[in-house]
1. Rounded, prolate or oblate for segment 55-113? Axes are the square roots of the Cα gyration tensor eigenvalues, ordered a ≥ b ≥ c, and the cut-off for rounded is a/c under 1.5.
2. As a test of the definition: which semi-axes, in Å, follow for segment 1-85 when you take the square root of five times each eigenvalue of its alpha carbon gyration tensor? Largest first, please.
Amino acid sequence: ESNPQSGILLAKVDATKETELANRFKIRSYPTLKYFADRKLFTYKGSRNIDALYEFVTEGYKTAKDEEIPSPPSLLDVKMKEFRNWFFEMTKGHDQLKYLLEDFEHILSYRKNAAVVLVGMGVVLGFFIGMIVAMLTMGDGTKEKANGKSKKE
């Protein structure tokens with residue numbers, strides 16, 4: 001809902017269905033009223049009547065304690081959730097694999113940057129090992145070049 005005269009927008013969220021959003025904004029009881037203004041977040045704790053609410057959103061929030069707006073989930077978080085759901089479906093009945101994923105998630109939750117660096121290093125190392133193996137198994141073609149020169153001469 002909105003009030004075009006005042007520029008105030010109102011949104012209602014069912015936190016029992018939108019659990020990720022509720023967790024992101026640390027909503028623990030209902031109803032919880034959050035107000036966004038001046039690129040800040042404020043939690044309304046006053047009386048639940050229209051005059052008190054209107055006073056808060058027009059001027060009262062300026063004296064209230066502001067909170068940091070929690071950032072939305074990163075692309076890595078979204079993809080990990082998708083991967084986790086897929087992995088759990090694929091590993092039904094294989095508890096060892098589930099423990100492996102839980103360990104990986106635990107490390108990733110504490111050290112996202114380190115995990116990204118480790119994966120990147122693994123890709124680079126794998127590339128170089130692949131190149132070395134390819135060069136060793138295929139040779140560098142010097143024998144064929146030598147044979148080709150002798151045929152022309």
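Bear in mind that the values in this text are calculations on the coordinates, not laboratory data. Values in this document were obtained by computation on a predicted structure and should not be read as measured data.
1. Values: a/c = 4.11, a/b = 3.14, b/c = 1.31.
Prolate, because a/c is 1.5 or more and a/b exceeds b/c.
2. Numbers: eigenvalues 163, 39, 32 Å².
Result for segment 1-85: semi-axes of 29, 14, 13 Å.
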